C-alpha cells in the first residue's frame, strides 16, 4: 500500500501524517508513507488545498483533516 500526504509541512499536514501512522499501527497494516511537499507534485493530483491524502494513487481528501475512523476505513478499502 502506498500512502502520500500532500502539503508544505503545515501543522495539519504533520497531524495527518501522525494520524495515518496511528491508523496503520492500530490496523497492523504495512504501508509506504511519503510526504509530498513539492507544490508542482501536489498539483499533479489536482489538490489545491492541503493537507491532501492519496492512497494507492487515489485522492481521498484535500483541504481538511479527516477523522481517525474515516482514515481507517479508507485504508481498509484499499488493502
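The values are calculated or read from the model by the stated rules, or taken from the named source; none is laboratory data. Source: prediction; values computed, not measured. Quick reminder, even Gly has a Cβ in these numbers, built from the backbone with ideal geometry, and neighbours come from all protein chains shown.
Descriptive notes on the structure:
- Filter result for residue 29 (in contact (Cβ under 8 Å) with a residue 24 or more places away in the chain, surrounded by 13 or more Cβ atoms within 10 Å (Cβ to Cβ) and either within 14 Å of residue 57 (Cβ to Cβ) or within 12 Å of the chain's Cα centre (by Cα) (or both)): no
A quick yes/no check of all residues on (1) at negative phi; (2) surrounded by 15 or more Cβ atoms within 10 Å (Cβ to Cβ):
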{"position": "5", "(1), (2)": "yes, yes"}
{"position": "9", "(1), (2)": "no, no"}
{"position": "36", "(1), (2)": "yes, yes"}
{"position": "46", "(1), (2)": "no, no"}
{"position": "64", "(1), (2)": "yes, no"}
{"position": "67", "(1), (2)": "yes, no"}
{"position": "71", "(1), (2)": "yes, yes"}
{"position": "78", "(1), (2)": "yes, yes"}
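- Against the conditions (1) touching a residue at least 24 places away in the same chain (Cβ under 8 Å); (2) farther than 17 Å from residue 67 by Cβ, residue 38 satisfies every one except (1).
- Subset tally (residues that are over 14 Å from residue 14 (Cα atoms) and not in a strand (DSSP E or B)) for region 31-70: 19
- Residue in region 16-30 that is at pLDDT 95 or above and part of a strand (DSSP E or B) present: no
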